[in-house]
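Peer 1: What follows is a structure written as structure tokens; I'll ask about it next.
Please treat every number below as a calculation from the coordinates, not as lab data. Model, not experiment: these values are computed from the prediction. No Cβ is skipped: glycine too gets one built from the backbone with ideal geometry, and neighbour counts run over all protein chains shown.
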Amino acid sequence: MTAGATRSVRAPSQARMLGPIRPRPRWLEFRLLGLVAIALLAGSLSLGATVTGRFGLFDAQALLIYIAALFGAHAAQVLAGRRTDQILLPTVALLGGISLLLMQRLPQDLVTQTFFGATFGLAQVQLIWLLIGLTIATTLGIVVRSDRWLRRYKYTWAAVGVGLLLLTFVFGTEVNGQRLTLQLGPLSGQPTELLKVILVVFLAGYLSENRALLVEQDTRLGPLRLPPLPYLAPMVAMWAIALGIVVIQRDLGAALLFFGVFLALLYVATGRVSLVIIGFVLFFIGSAVMAVLFDHIRTRIDIWLDPFADPLGAGFQVVQALHAFARGGLLGVGLGAGLPEIAGNLPIPEVHTDFPLAALGEELGIVGVVAILGLYLVVIERGMRIGAAAADDFRSLLAVGLALVIGVQAFIIAAGNLKVLPLTGVTLPYISYGGSSILANSLVVGLLLALSDKGVEPPPLPRTGSRWRRAGRRAAT
Amino acid sequence: MDGFLLVLWAVRLLFLGLIYLFLARVIRALLRDLRAAAREPIERSGRLIILESPSGEPPAGQSFGLDVITPLGRDVNNAIVIDDEFASADHAVLTFRGRSWYIEDLGSTNGSYVNGRRVEGVAPMGFGDELQIGQVRMRLERAMP
């Protein structure tokens with residue numbers, strides 16, 4: 001080692017990093033998107049033949065618009081010439097396409113919205129959201145080259161998130177006994193969907209900065225080794241926020257999702273099982289107390305334990321979903337051939353938001369459900385790979401966290417549909433109907449795409465300011 | 001009508017089959033990606049970033065490129081001189097062996113710590129791990145490309 005090896009790190013100049021924009025072919029993505037298009041056309045043919053009784057695509061216009069948009073997004077990425085992930089977009093595109101087929105097949109008057117004097121039905125509204133989501137994901141994947149706006153302002157983002165939550169607490173409108181929807185003029189949305197992305201950004205920033213301190217062992221509590229207590233404070237705060245969501249918003253699903261993602265990220269950052277165990281213990285204690293105190297949570301658990309106790313009342317949704325899975329069997333009854341409405345009502349209430357997996361289970365069978373779960377696994381795998389290849393802790397944790405948000409959410413609602421867990425009202429990512437859900441999950445894809453490019457701005461140097469000095473002194477004493 | 005039903009079932013199975021074909025293609029691409037990652041040359045070049053140094057030598061924020069064998073200590077013959085009152089003359093040595101970096105404490109008085117855990121003999125160090133010698137805290141990172 002010579003004196004010359006001692007050097008300070010300087011970020012390469014911006015001009016060299018970016019270089020001129022040159023189109024770069026993405027053949028893998030092109031081939032996969034081609035396969036997605038063919039599969040969706042086959043699905044549409046199957047749906048059309050079942051519904052109309054002769055061979056033809058079902059509502060070909062909407063599907064063709066969707067496929068054209070997919071290739072448009074592909075072309076935009078080719079022209080932008082970035083080395084981003086090529087598997088993520090086709091995978092999500094297939095999930096979105098299945099969603100479109102499902103929404104076309106459900107009664108169109110489930111949701112009607114009027115934009116500029118024209119009234120759109122369920123499938124058309126969903127198509128519009130899918131197109132907007134695709135635009136967001138592609139734009140983020142092309143434009144975002146620096147993570148500084150996320151990294152540096154993590155407390156600002158956290159404040160925005162808490163603000164959104166408080167706004168919903170105060171001004172939210174109640175739908176089905178859950179105070180989730182925030183109405184701002186003509187726009188309404190569910191802030192918890194956006195909140196989950198903000199949560200991951202904040203946790204990635206916080207954990208990457210304090211990772212070393214959380215890993216150190218200072219406090220011992222019996223056989224458990226705990227990190228220094230002040231650094232556990234955010235964990236306790238997180239637990240309190242999750243419980244607050246349950247109490248005030250009555251949103252079990254979001255609480256479960258937030259806490260699950262939080263514990264998973266904590267484990268990824270510190271590698272300490274004791275934290276996860278403590279988290280689970282806290283969660284179960286909290287749930288048990290909640291179940292004693294609040295009726296609506298006890299009802300959920302009762303339904304989960306025995307839906308057939310009240311098959312036409314409280315347990316109706318779950319019982320109908322189980323029947324749907326049973327009717328589907330191995331290969332399903334075919335798209336469009338599921339049970340029609342019973343006396344003007346859907347067999348499963350809220351099938352388009354809470355139970356799309358049950359509908360798909362009926363029409364595509366367990367073979368189809370397994371394939372759909374496989375697609376989610378692919379999304380998670382991509383997130384893990386992007387995280388493993390990332391340049392520093394913040395990007396690793398961000399990528400892993402974003403993928404886990406999708407994975408945990410899909411798991412929670414799939415398990416709810418199948419009566420593995422108590423039913424909670426989260427959406428099935430990319431498949432459920434709903435603007436907020438599709439937009440937030442597109443944000444996730446866009447950020448993952450941006451993170452997967454290695455040729456972006458290098459991570460900043462560690463700060464040598466007061467925080468490190470304070471931390472060092474604490475550790476030295 | 002039976003012919004129609006037969007073709008309809010064929011189309012239904014075709015749809016499911018195409019989804020599985022897509023999954024198979026994706027998994028093939030994933031496997032190829034993972035194999036390529038495993039074949040990549042092992043990242044042997046690392047650097048040590050000084051995070052905290054009360055005595056000012058080495059100064060905080062400085063980054064050292066690492067040789068395959070990099071001795072650390074208070075003695076001026078060390079590759080990385082740590083001028084700290086709690087550091088020994090020949091304190092520890094960082095070595096690259098096989099696939100990863102290792103820290104070996106050379107019988108120092110106050111010990112070396114990886115992520116707050118005292119090193120007994122030789123301990124592996126991954127990128128991102130923190131090393132503490134005396135009051136000086138350092139982090140092992142990948143060298144900048």
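Peer 1: On a full-extension model of 0.36 nm per residue, what is the gain between A:I132 and A:Q61, subtracting their alpha-carbon distance, rounded to one decimal in nm? Don't skip to the answer; put the middle values down first.
Peer 2: Numbers: separation 71, 0.36 × 71 = 25.56 nm, distance 1.73 nm.
Stretched out fully, the A:I132 to A:Q61 stretch lengthens by 23.8 nm.
Peer 1: In terms of Cα to Cα distance under 24 Å, which lysines are near enough to A:K454, apart from those fewer than 8 places away along the same chain?
Peer 2: Counting by Cα, and skipping residues close in sequence, A:K454 has these lysines nearby: A:K154.
Peer 1: On full extension of the chain, what length is gained from A:A76 through A:I21, given 0.36 nm per residue of separation minus the C-alpha to C-alpha distance?
Peer 2: Numbers: separation 55, 0.36 × 55 = 19.80 nm, distance 1.21 nm.
Additional length available on full extension: 18.6 nm.
Peer 1: Along the Cα→Cβ direction, 7 angstrom out, place labels at A:W149 and B:A37. What is the inter-label distance in nm?
Peer 2: About 2.8 nm separates the two model spin labels.
Peer 1: Another question, if that's okay. How far, in degrees from 0 to 90, does helix B:2-39 lean away from the longest principal axis of the Cα atoms of chain B, to the nearest 10?
Peer 2: Around 20 degrees separate the two axes.
Peer 1: Along the charge dipole of chain B, pointing to its positive end and built from +1/-1 on Cβ of Lys, Arg, Asp and Glu, which listed residue (B:S108, B:G65, B:S88) has its Cα farthest out?
Peer 2: Of the candidates, B:G65 comes out farthest on the positive side.
Peer 1: Related question: Taking θ = phi - 60°, what integer Hz values does the Karplus form 6.51 cos²θ - 1.76 cosθ + 1.60 yield along the stretch A:384-391, in sequence order, with x for Gly and Pro?
Peer 2: With coefficients 6.51, -1.76 and 1.60, one gets 5, 5, 4, x, 5, 8, 5, 6 Hz.
Peer 1: Could I ask something else about it? In terms of modelled amide H atoms, which long-range or inter-chain residues lie less than 5 Å from the amide H of B:L106?
Peer 2: B:A92, B:V93
Peer 1: Charges only on Cβ, +1 for Lys and Arg, -1 for Asp and Glu: so what's the dipole of the stretch A:22-470 about the Cα centre, in debye to the nearest 20?
Peer 2: On the way: 32 positive and 25 negative charges, 373 e Å.
Dipole size: approximately 1780 debye.
Peer 1: Place the peptides B:3-9, A:53-59 in order of packing, highest mean first, counting for every residue the other Cβ atoms within 10 Å and averaging per peptide.
Peer 2: Working: B:3-9: 12.0, A:53-59: 15.0.
Answer by packing, highest mean first, reads A:53-59, B:3-9.
Peer 1: Turning to a different aspect of this structure: Over all directions, how big on average is the projection of the convex hull of the alpha-carbon atoms in the stretch A:22-470, in square nanometres? Please list the in-between numbers first.
Peer 2: On the way: hull surface 93.4 nm².
It is 23.4 nm².
Peer 1: What is the fewest-to-most order of A:T52, A:T270 by other Cβ atoms lying within 10 Å of their Cβ? Please list the in-between numbers first.
Peer 2: On the way: A:T52 12, A:T270 21.
In increasing order of surrounding Cβ atoms, one gets A:T52, A:T270.
Peer 1: Follow-up. For the stretch A:127-170 and the stretch A:357-379, what is the separation of their C-alpha centers, rounded to whole Å?
Peer 2: The distance from the Cα centre of the stretch A:127-170 to that of the stretch A:357-379 comes to 29 Å.
Peer 1: Evaluate E = 1/(1 + (r/R0)^6) for A:F169 and A:A389, where r is the Cβ-Cβ distance and R0 equals 35 Å; express this FRET efficiency to the nearest 0.05.
Peer 2: On the way: r = 40 Å, r/R0 = 1.13.
That gives a FRET efficiency of 0.30.
Peer 1: Follow-up question, since we're still on this one. Over 27 Å apart: what share of the alpha carbon pairs of the stretch B:16-145 falls there, rounded to a whole percent?
Peer 2: 31
Peer 1: Net charge around A:L451, counting only other residues with Cβ within less than 10 Å of its Cβ (Lys, Arg = +1; Asp, Glu = -1)? Walk me through the intermediate numbers first.
Peer 2: Numbers: positive: A:R395, A:K454; negative: A:D85, A:D147, A:D453.
Spelling it out: positives minus negatives among the neighbours equals -1.
Peer 1: Something else about it: Hey, if you put +1 on the Cβ of every Lys and Arg and -1 on every Asp and Glu Cβ in the stretch A:22-470, which of A:I431, A:L293, A:T156 ends up farthest toward the positive end of that dipole?
Peer 2: A:T156
Peer 1: Rounded to the nearest 20 debye, what is the charge dipole size of chain B about its Cα centre when +1 sits on each Lys and Arg Cβ and -1 on each Asp and Glu Cβ? Intermediate values should be presented prior to the final figure.
Peer 2: Values: 16 positive and 18 negative charges, 231 e Å.
In total the dipole reaches around 1100 debye.
Peer 1: Over what distance in Å are the Cα centres of the stretch A:41-104 and the stretch A:432-454 separated?
Peer 2: The stretch A:41-104 and the stretch A:432-454 have Cα centres spaced 17 Å from each other.
Peer 1: Pull up the cross-link candidates among the aspartates and glutamates for A:K196, meaning alpha carbon to alpha carbon under 15 Å and not fewer than 8 places away within one chain.
Peer 2: A:D251
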